[in-house]
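Colleague: Sharing a structure, written as structure tokens. Questions coming.
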Amino acid sequence: MLQNLQWQSVLARDSRFDGAFVYAVRSTGIYCRPSCPSRRPQRDRVEFFADPTTAERAGFRACQRCRPETNEADPATAKVIAACKLIESAEEPPSLSDLASSISLSAAHLLRSFQKLLGVTPREYADSLRLKTFKHELKESANVTHALYAAGYSSSSRVYENASPRLGMTPLTYRNGGEGLTIRYTVGESDLGQVLLAATDKGVCAIKLGDSDSLISDLHREFPNAAITRDDRDLRSWLTHVLSHLSGREPDLRLPLDIRSTAFQRQVWQALQQIPYGSTASYSDVAKSIRKPRAVRAVANACARNPVCLAIPCHRVIQRNGNHGGYRWGTERKDALLARESQSAESTNKKDEPPNEFRSRPRNAPPARLPAHRPH
């Protein structure tokens, strides 16, 4: 997982990691710092080294463009990288105090540095690492019990308690590609077309806009091994909330969600939910709010993969120049949603509320900045 983090920092040319490690390209025999502006190499040709000396001992020479041998590591970044290595090498996730003591930092300092650099806590990093191992073992193992112990879980109760909420289904269901999962759906009519809402027993797993037949087909493709049935009666209440939100009568749409996500997608989607009704933010604003200012393209990808439109308002993210940009459910729908929200917000005069920095803006006005996102 640490190598994934290092690779992502290379793709983003993230200067915060300069000095924390170097990467070498086997085809050229050259090693660079993460922020090197040279052409990005292919992943299968890259090796990572803790420092220039180690890279040179392996036979690589320093890049003449970024001069990695002259760069010193930011102390906080180096400490976080060291903490990541300790977490990955430990049989059991170390406590925050033990981890901080091992790298000569206070627990509070380590927690702040870890969250600032990675956007998650050490515990969340450890949980993600264990979950990744568990998911791999589920694919390879003959049974769940072997997989949970191979991933370091002490009991089945721990794996179902900790892993199931992120998997969005039980581990066995995940291993079987969703087999045994029951998904109910209903379809309603709005002035922006058909609205499909689907849910598991835990909450809403999909909200889609478009043509009814294509939306149902799309749901079956997304959950190919699940038992999918129509349920207009029990899901009517949630669908009514969505339709009221679409019409502008219910600005604050809150529904229980059961969605699967990576740690990065979860950060982005939480940031999107902070954008008030009637307001917009740019992709770069969202990236800055989760403390990953160079991850603009990754933010756009996370928006495009949002499975529950409206509940997670990805339509409120626009281009820096004020243009509305693309939308999975059609740019005309995005334009209509933003125009409707802007008009509704302007017509609602709530004198008892303090002024909001997110004001509805004309189409070509630059979007406002998001508040800094603090992971839970």
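The values are calculated or read from the model by the stated rules, or taken from the named source; none is laboratory data. Given the structure is predicted, the values throughout are model-derived calculations rather than measurements. Note: ideal-geometry Cβ built from the backbone for every residue, glycine included; neighbour counts use all protein chains shown.
Colleague: Which of the residues that make up the range 260-289 are touching a helix residue (DSSP H, G or I) at 6+ places or on another chain (Cβ under 8 Å), among the β-branched types (Val, Ile, Thr) and either modelled with pLDDT under 90 or under 30 Å from residue 181 (Cα atoms) (or both)?
Modeller: Selection gives 268 alone.
Colleague: I'm trying to understand the selection: among the residues of the range 51-92, which are closer than 14 Å to residue 33 by Cβ and at pLDDT below 80?
Modeller: 71, 72, 73, 74
Colleague: Moving on to the next point. Which condition breaks for residue 245 when tested against (1) surrounded by 20 or more Cβ atoms within 10 Å (Cβ to Cβ); (2) under 22 Å from the mean Cα position of the chain (by Cα)?
Modeller: Checking residue 245 against (1) surrounded by 20 or more Cβ atoms within 10 Å (Cβ to Cβ); (2) under 22 Å from the mean Cα position of the chain (by Cα), the one that fails is (2).
Colleague: Of all residues in the range 11-41, count the ones that are among the aliphatic types (A, V, I, L, M) and closer than 18 Å to residue 64 by Cβ. Steps first, please.
Modeller: At the first step, the residues of the range 11-41 found to be among the aliphatic types (A, V, I, L, M) are 11-12, 20, 22, 24-25, 30.
Within this subset, residues satisfying the condition of being closer than 18 Å to residue 64 by Cβ are 22, 24-25, 30.
Qualifying residue count for the region: 4.
Colleague: Residues to consider are 329, 238; find the one that is in the same structural domain as residue 197 (by TED's automatic domain parsing), surrounded by 15 or more Cβ atoms within 10 Å (Cβ to Cβ) and not small (Gly, Ala, Ser).
Modeller: Going through 329, 238 in turn, just one is in the same structural domain as residue 197 (by TED's automatic domain parsing), surrounded by 15 or more Cβ atoms within 10 Å (Cβ to Cβ) and not small (Gly, Ala, Ser): 238.
Colleague: Tell me, yes or no, whether the range 135-155 has at least one residue that is buried (at least 16 other Cβ atoms within 10 Å of the Cβ), at pLDDT below 75 and among the charged types (D, E, K, R).
Modeller: Yes: the range 135-155 contains one or more residues that are buried (at least 16 other Cβ atoms within 10 Å of the Cβ), at pLDDT below 75 and among the charged types (D, E, K, R).
Colleague: Let me ask something else. Given the structure, is residue 213 free of Cβ contacts under 8 Å to residues at least 12 places away in the same chain, out of contact with any Pro (no Cβ under 7 Å at 6 or more places or on another chain), within 26 Å of residue 182 (Cβ to Cβ) and surrounded by fewer than 22 Cβ atoms within 10 Å (Cβ to Cβ)? Don't jump to the end; show me each part of the working.
Modeller: Numbers: free of Cβ contacts under 8 Å to residues at least 12 places away in the same chain: yes; out of contact with any Pro (no Cβ under 7 Å at 6 or more places or on another chain): yes; within 26 Å of residue 182 (Cβ to Cβ): yes; surrounded by fewer than 22 Cβ atoms within 10 Å (Cβ to Cβ): yes.
Spelling it out, residue 213 is indeed free of Cβ contacts under 8 Å to residues at least 12 places away in the same chain, out of contact with any Pro (no Cβ under 7 Å at 6 or more places or on another chain), within 26 Å of residue 182 (Cβ to Cβ) and surrounded by fewer than 22 Cβ atoms within 10 Å (Cβ to Cβ).
Colleague: Which one of 222, 250 is in contact with a helix residue (DSSP H, G or I) (Cβ under 6 Å, 6 or more places away or on another chain), surrounded by 13 or more Cβ atoms within 10 Å (Cβ to Cβ) and of a type outside the set (Ser, Thr, Tyr)?
Modeller: 250
Colleague: Taking the range 5-33 only, how many residues are part of a strand (DSSP E or B) and either among the hydroxyl-bearing types (Ser, Thr, Tyr) or not assigned by TED's automatic domain parsing to the domain that holds residue 62 (or both)?
Modeller: Final tally of qualifying residues: 2.
Colleague: Would you check which residues across the range 34-65 are surrounded by fewer than 12 Cβ atoms within 10 Å (Cβ to Cβ), in contact (Cβ under 8 Å) with a residue 24 or more places away in the chain and part of a helix (DSSP H, G or I) and list them?
Modeller: Within the range 34-65, 43 is the sole residue that qualifies.
Colleague: Oh, and also: Say we look at the range 294-325 and pick out the residues that are within 16 Å of residue 208 (Cβ to Cβ) and surrounded by fewer than 19 Cβ atoms within 10 Å (Cβ to Cβ); which of these is farthest from the chain's Cα centre (by Cα)?
Modeller: The extreme case among them is 304.
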